[in-house]
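Before any comments, here is the structure.
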């Protein structure tokens, strides 16, 4: 299995959505050799979304239970849950083909930049 590395620093990451670039709080990660953002989406269905860091395009999402979400009451617990799911994501990415995922993300980046303009810069989140 590929190595999974998740940066524990929270970031505002950008996701490509139908209405443009949407900012979300998440983490940067390297999964199966691909730079990703990892974001928990707490709406039904609750899921962890893995997106290409360079294009903002969704690579895949994995559903989680409401109990899993509720149990993530600290950043450390959230990172454990994300790392567990990132291991599953790595297997799915490898099964699909890493080169295919990279090529699809490259195509998506061109399309999104043409449609929405360049992706904004990432920012570290701050605690006030």
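Read-outs throughout are calculated quantities, based only on the coordinates presented, and are distinct from any laboratory measurement. Keep in mind it's a predicted model, so treat the numbers as computed, not measured. Every residue, glycine as well, gets a Cβ built from its backbone with ideal geometry; the counts of neighbours run over all protein chains shown.
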Note to self: Going residue by residue through region 50-66, is there one that turns out to be part of a helix (DSSP H, G or I) and more than 16 Å from residue 37 (Cα to Cα)?
What the structure shows: yes
Margin query: When the residues of region 8-21 are narrowed to those that are in contact with a strand residue (DSSP E or B) (Cβ under 9 Å, 6 or more places away or on another chain) and loosely packed, with under 13 Cβ neighbours inside 10 Å, which ends up farthest from residue 83 (Cα to Cα)?
Written below: 9
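Tell me, please, whether a residue that is touching a residue at least 24 places away in the same chain (Cβ under 8 Å), within 15 Å of residue 4 (Cβ to Cβ) and either in a loop (DSSP other than H, G, I, E, B) or touching a strand residue (DSSP E or B) at 6+ places or on another chain (Cβ under 9 Å) (or both) can be found in region 105-112.
no
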Check: Within region 22-44, can you find the residues that are surrounded by fewer than 17 Cβ atoms within 10 Å (Cβ to Cβ), closer than 21 Å to residue 97 by Cβ and touching a helix residue (DSSP H, G or I) at 6+ places or on another chain (Cβ under 8 Å)?
Finding: 33
Next item on the list: Determine which single condition residue 98 fails, assuming it passes every other condition in (1) surrounded by fewer than 17 Cβ atoms within 10 Å (Cβ to Cβ); (2) within 27 Å of residue 121 (Cβ to Cβ); (3) in contact with a helix residue (DSSP H, G or I) (Cβ under 7 Å, 6 or more places away or on another chain).
Entry: (3)
